[in-house]
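Novice: Sharing a structure, written as structure tokens. Questions coming.
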Amino acid sequence: MSKIFETPLYPYERSSDQDAVSPVNHPVIVIGAGPVGLATAIDLAQNDVPVVVLDENDKVSFGSRAICFSKRSLEIMDRLGCGDAYVDKGVVWNLGKVFFGDRKVYDFNLLPEDGHKRPAFINLQQYYCELYLVDRVRELQAEGKPIEIRGNSKVTALETGANGNRLTVETPDGPYDLTCDWLIACDGAGSPTRRMMGLDFVGRVFEDNFLIADVIMKADFPTERWFWFDPPFNKGQSALLHKQPDGVWRIDLQLGWDIDKEEEKKPENVIPRLKQMLGDDVEFDLEWVSIYTFQCRRMEKFRHGHVLFAGDSAHQVSPFGARGANSGFQDAENLVWKLKLVLDGKAPESLLDSYDAERVFAADENILNSSRSTDFITPKSEMSRIFRDAVLDLAEHHAFARPLVNSGRLSLPSTYDGSALNGPDANGLPARTRPGAPASDAPLGDDWLLDRLKGGFTLLGINVDVPAQLVIHGIEVTGISIPSSDMSGALRDRYLGEVDGAVYLLRPDQHVAARWGNYDQGAVEQALKLTTGQKAG
């Protein structure tokens, strides 16, 4: 087993807070040092918001867990300073193949257009994801940024109040209390924070189980996503094969509902299943085995006063579609800039209600897609199975049927259509970059557009001159003017369409706030008021 699982990355150290006469207050405490908790804390620290991360563990996660990281997540990691580490280690893939029985039905390309810095997806074990985030925390600490991780620090009690929270933290040296203005719960699907507050999920638990196996082997399978319906090695069920770094392959096998999970996880039961798939002559070692049950659920609200929930603590989806960690990173990027403005007194506390509204909207979108995938993968009636099999038969020879095949609609970032933060839209501009949408990357000279966005509000003038700097109600807005001579065809297609010029106001999370056909400072001021939760006028 790799030493990465065994080495404490943030071992327990006694804090001066434990010797204080009264509980020490922190602006923000994050519970959970998984991918979402660490990403949230890094974003806060880069914005000079002091943050303490508490975790009952002191090591990275055991097993691959989340492995598929989307283009949007890689763009978020670029902003957090980890993008290159992810891509350099990860297995890059864009192509997927779908099989029915022993025959290939069709294949698909997840990134059919050029002009993007990052690929559609990479496969990277969650333990590497967490390792690179912890490395980034150490870099920020060396730069003097206000971020701290406390390992072996389990939150055992929580009192919530109108203006903050009080926590009891259990450590090897005994318990102590802390207070915080804001608490962000990133403590996973079984969230102790959620339980301590008497909150729960609403949604569906599907009657099906899947075996996950991380297998170390030398194989000549291509770097693609392979999904089987009713394969000969797992009759009546489904299977998935993914390549990971270090010669590790992720295999998912559908088992059905009425199983003994502990028995199914035993090597003497797992190995024969894998040999049926891989063949008796393939040598392999098991690195990690787990069983999961499909669940598509969320909390009714992600904000409860001064406690905010993000990632799996707020919502759960089935793993087909890679919507778990990817949507959690999008929770983090949506939340942090809003909390920063509130802490700085530049936006009302009610701005955080838009975190709840926008990310509940996104969670419902993910749950809908995930539920549809699950219903297609695991038909619940004979008629549903007949329909699914007919679609698969048609898809082999007829392109019109392929969009009906659902082996897991793969994660895309949510567009916040209808958000109260969305400003005006100009006629004739491309729909893909409308208000509420995430900004699309495009080549910009020797650089990339998203790399030019530095994390604050940005005013983007495309063939329109905009001021290099604005300060509106104490909020800095950086202007970027792109003349036609610097415009790539991709940038024109994604931001102008048939129009000659446009001005975009981009939020710190790189979502479009508003856009116009020309520059009008008064209009920009009103749109900024709207997107920061202040009354326009």
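The values are calculated or read from the model by the stated rules, or taken from the named source; none is laboratory data. Remember, predicted model here, so these are calculated numbers, not experimental data. Positions of Cβ are backbone-derived with ideal geometry, glycine not excepted, and every protein chain shown enters the neighbour counts. These accessible areas exclude ligands, DNA and RNA; they are computed on the full protein's heavy atoms, side chains included. Shrake-Rupley method; radii C 1.70, N 1.55, O 1.52, S 1.80 Å.
Novice: Need a quick list: strands (runs of 3 or more DSSP E) entirely within segment 196-250 having at least 2 residues that are at pLDDT 90 or above and surrounded by fewer than 18 Cβ atoms within 10 Å (Cβ to Cβ). Break it down into steps so the answer makes sense when it comes.
Specialist: Working: elements: 201-217, 225-229, 238-243.
Here the list reads 201-217.
Novice: Still on this structure, I have one more. Filter segment 383-416 down to the residues that are open to solvent by less than 30 Å² (accessible area, probe 1.4 Å), modelled with pLDDT under 95 and in a loop (DSSP other than H, G, I, E, B) and list them by number.
Specialist: Residues satisfying the conditions are VAL405, ASN406, SER407, GLY408, LEU410, SER411, SER414.
Novice: While we're looking at this one, here's another question. Kindly check whether there is at least one residue in segment 85-95 that is touching a residue at least 24 places away in the same chain (Cβ under 8 Å), open to solvent by 30 Å² or more (accessible area, probe 1.4 Å) and over 24 Å from LEU240 (Cα atoms).
Specialist: Yes, segment 85-95 contains a residue that is touching a residue at least 24 places away in the same chain (Cβ under 8 Å), open to solvent by 30 Å² or more (accessible area, probe 1.4 Å) and over 24 Å from LEU240 (Cα atoms).
Novice: One residue is enough: does segment 176-187 have a residue meeting the conditions assigned to a loop (DSSP other than H, G, I, E, B), more than 30 Å from SER371 (Cα to Cα) and touching a Gly at 6+ places or on another chain (Cβ under 7 Å)?
Specialist: no
Novice: If you don't mind, another one. Test each condition in (1) in contact (Cβ under 8 Å) with a residue 40 or more places away in the chain; (2) crowded, with 18+ Cβ neighbours inside 10 Å for ARG492 and report the one that comes out false.
Specialist: Among (1) in contact (Cβ under 8 Å) with a residue 40 or more places away in the chain; (2) crowded, with 18+ Cβ neighbours inside 10 Å, ARG492 violates only (1).
Novice: Which residues, taken from segment 38-60, are part of a helix (DSSP H, G or I) and either under 20 Å from TYR128 (Cβ atoms) or in contact with a Gly (Cβ under 6 Å, 6 or more places away or on another chain) (or both)?
Specialist: Answer for segment 38-60, where residues must be part of a helix (DSSP H, G or I) and either under 20 Å from TYR128 (Cβ atoms) or in contact with a Gly (Cβ under 6 Å, 6 or more places away or on another chain) (or both): LEU38, ALA39, THR40, ALA41, ILE42, ASP43.
Novice: Condition first: farther than 17 Å from GLU56 by Cβ and open to solvent by 50 Å² or more (accessible area, probe 1.4 Å). Now tell me which residues in segment 170-180 satisfy that. Show your work before the answer.
Specialist: Here is the first cut: in segment 170-180, the ones farther than 17 Å from GLU56 by Cβ are 179-180.
None - no residue of segment 170-180 is farther than 17 Å from GLU56 by Cβ and open to solvent by 50 Å² or more (accessible area, probe 1.4 Å), so the list stays empty.
Novice: Continuing with the same structure: Is it true that some residue in segment 291-308 is over 30 Å from LEU44 (Cβ atoms), of a type in the set (S, T, N, Q) and in contact with a helix residue (DSSP H, G or I) (Cβ under 6 Å, 6 or more places away or on another chain)?
Specialist: Looking through segment 291-308, none of the residues is over 30 Å from LEU44 (Cβ atoms), of a type in the set (S, T, N, Q) and in contact with a helix residue (DSSP H, G or I) (Cβ under 6 Å, 6 or more places away or on another chain).
Novice: Also: Could you please give the count of residues in segment 13-44 that are small (Gly, Ala, Ser) and over 27 Å from ASN123 (Cα atoms)? Please lay out each step first, then the result.
Specialist: Kept after step one, since they are small (Gly, Ala, Ser), are these residues of segment 13-44: 15-16, 20, 22, 32-34, 37, 39, 41.
Next cut, over 27 Å from ASN123 (Cα atoms) only: 15-16, 20, 22.
Residues flagged as small (Gly, Ala, Ser) and over 27 Å from ASN123 (Cα atoms) within segment 13-44 amount to 4.
Novice: Any residue in segment 371-397 that is of a type in the set (Phe, Trp, Tyr) sitting within a Cβ distance under 6 Å of a residue that is at pLDDT 90 or above? List the pairs, counting only those 6 or more apart or interchain.
Specialist: As it stands, the answer is PHE376/ARG388, since those pairs meet every condition given.
Novice: For residues that are buried (at least 20 other Cβ atoms within 10 Å of the Cβ), of a type in the set (A, V, I, L, M) and under 23 Å from the mean Cα position of the chain (by Cα), tally how many sit in segment 135-164.
Specialist: Summing the residues that are buried (at least 20 other Cβ atoms within 10 Å of the Cβ), of a type in the set (A, V, I, L, M) and under 23 Å from the mean Cα position of the chain (by Cα) in segment 135-164 gives 3.
Novice: May I pose another question? Is it the case that ALA189 is touching a Phe, Trp or Tyr at 6+ places or on another chain (Cβ under 6 Å) and under 30 Å from PHE294 (Cβ atoms)?
Specialist: no
Novice: Exactly one condition in (1) closer than 25 Å to GLY83 by Cα; (2) of a type in the set (A, V, I, L, M, F, W, C); (3) outside any helix (DSSP H, G or I) is false for VAL21; which is it?
Specialist: Going through the list (1) closer than 25 Å to GLY83 by Cα; (2) of a type in the set (A, V, I, L, M, F, W, C); (3) outside any helix (DSSP H, G or I), VAL21 breaks only (1).
Novice: Quick one: would you say LEU167 is in contact with a strand residue (DSSP E or B) (Cβ under 9 Å, 6 or more places away or on another chain), surrounded by 20 or more Cβ atoms within 10 Å (Cβ to Cβ), of a type in the set (A, V, I, L, M, F, W, C) and part of a strand (DSSP E or B)?
Specialist: yes
Novice: To continue, here is another question. Given segment 261-370, what helices (runs of 4 or more DSSP H) lie entirely inside it while holding 1 or more residues that are over 25 Å from HIS511 (Cα atoms) and modelled with pLDDT of 90 or more?
Specialist: Hits in segment 261-370: 261-264, 267-278.
Novice: Something else now. Of all residues in segment 449-474, count the ones that are surrounded by 20 or more Cβ atoms within 10 Å (Cβ to Cβ) and within 23 Å of LEU80 (Cα to Cα).
Specialist: Qualifying residue count, segment 449-474: 7.
Novice: Would a scan of segment 255-277 turn up a residue that is in contact (Cβ under 8 Å) with a residue 12 or more places away in the chain, among the β-branched types (Val, Ile, Thr) and open to solvent by less than 20 Å² (accessible area, probe 1.4 Å)? Break it down stepwise before answering.
Specialist: Kept after step one, since they are in contact (Cβ under 8 Å) with a residue 12 or more places away in the chain, are these residues of segment 255-277: 255-257, 259, 261, 264-265, 267, 270-271, 273-274, 276-277.
Add one more test, that the residue is among the β-branched types (Val, Ile, Thr), and what stays is 259, 270-271.
Those left that are additionally open to solvent by less than 20 Å² (accessible area, probe 1.4 Å): 270.
Looking through segment 255-277, at least one residue is in contact (Cβ under 8 Å) with a residue 12 or more places away in the chain, among the β-branched types (Val, Ile, Thr) and open to solvent by less than 20 Å² (accessible area, probe 1.4 Å).
Novice: So SER373 clears everything in (1) assigned to a loop (DSSP other than H, G, I, E, B); (2) over 27 Å from GLY533 (Cβ atoms) except one condition, right? Which one?
Specialist: Single failed check for SER373: (1).
Novice: Another question about this same structure. For segment 52-60, state whether one or more residues are over 16 Å from CYS180 (Cβ atoms), open to solvent by less than 40 Å² (accessible area, probe 1.4 Å), of a type in the set (Val, Ile, Thr) and within 15 Å of the chain's Cα centre (by Cα). Outline the logic, then answer.
Specialist: As a first pass, look at segment 52-60 and keep what is over 16 Å from CYS180 (Cβ atoms): 56-60.
The next check asks that each one be open to solvent by less than 40 Å² (accessible area, probe 1.4 Å); those that pass are 58, 60.
Narrowing the set further to residues that are of a type in the set (Val, Ile, Thr) leaves 60.
Restricting the remaining residues to those that are within 15 Å of the chain's Cα centre (by Cα) gives none.
Taking every residue of segment 52-60 in turn, none turns out to be over 16 Å from CYS180 (Cβ atoms), open to solvent by less than 40 Å² (accessible area, probe 1.4 Å), of a type in the set (Val, Ile, Thr) and within 15 Å of the chain's Cα centre (by Cα).
Novice: Pairs please, first residue from segment 278-289 and closer than 13 Å to LYS218 by Cβ, second anywhere and of a type outside the set (D, E, K, R) and surrounded by fewer than 18 Cβ atoms within 10 Å (Cβ to Cβ), Cβ atoms under 6 Å, 6+ apart in sequence or on different chains.
Specialist: Partner pairs satisfying both residue conditions: PHE284/MET217; ASP285/ILE216.
Novice: Look through GLY455, GLY497 and report the one residue that is closer than 28 Å to ALA39 by Cβ, part of a loop (DSSP other than H, G, I, E, B), out of contact with any Ser or Thr (no Cβ under 8 Å at 6 or more places or on another chain) and not aromatic (Phe, Trp, Tyr).
Specialist: Unique residue meeting the criteria: GLY455.
Novice: Among the residues of segment 505-525, how many are among the hydrophobic types (A, V, I, L, M, F, W, C), in a helix (DSSP H, G or I) and farther than 19 Å from GLY455 by Cα? Give the steps one after another, and end with the answer.
Specialist: Filtering segment 505-525 down to residues among the hydrophobic types (A, V, I, L, M, F, W, C) leaves 505-506, 512-514, 516, 523-524.
From the residues that got through so far, the ones that are in a helix (DSSP H, G or I) too are 523-524.
Applying the additional criterion that residues be farther than 19 Å from GLY455 by Cα yields 523.
Residues in segment 505-525 being among the hydrophobic types (A, V, I, L, M, F, W, C), in a helix (DSSP H, G or I) and farther than 19 Å from GLY455 by Cα: 1 in total.
Novice: Any chance you could count how many residues in segment 350-359 are surrounded by 15 or more Cβ atoms within 10 Å (Cβ to Cβ) and either over 18 Å from PHE329 (Cα atoms) or of a type in the set (Gly, Ala, Ser) (or both)?
Specialist: The qualifying residues number 4.
Novice: Any residue that is modelled with pLDDT of 95 or more, among the aliphatic types (A, V, I, L, M) and under 30 Å from THR223 (Cα atoms) - is there at least one of those in segment 135-151?
Specialist: no
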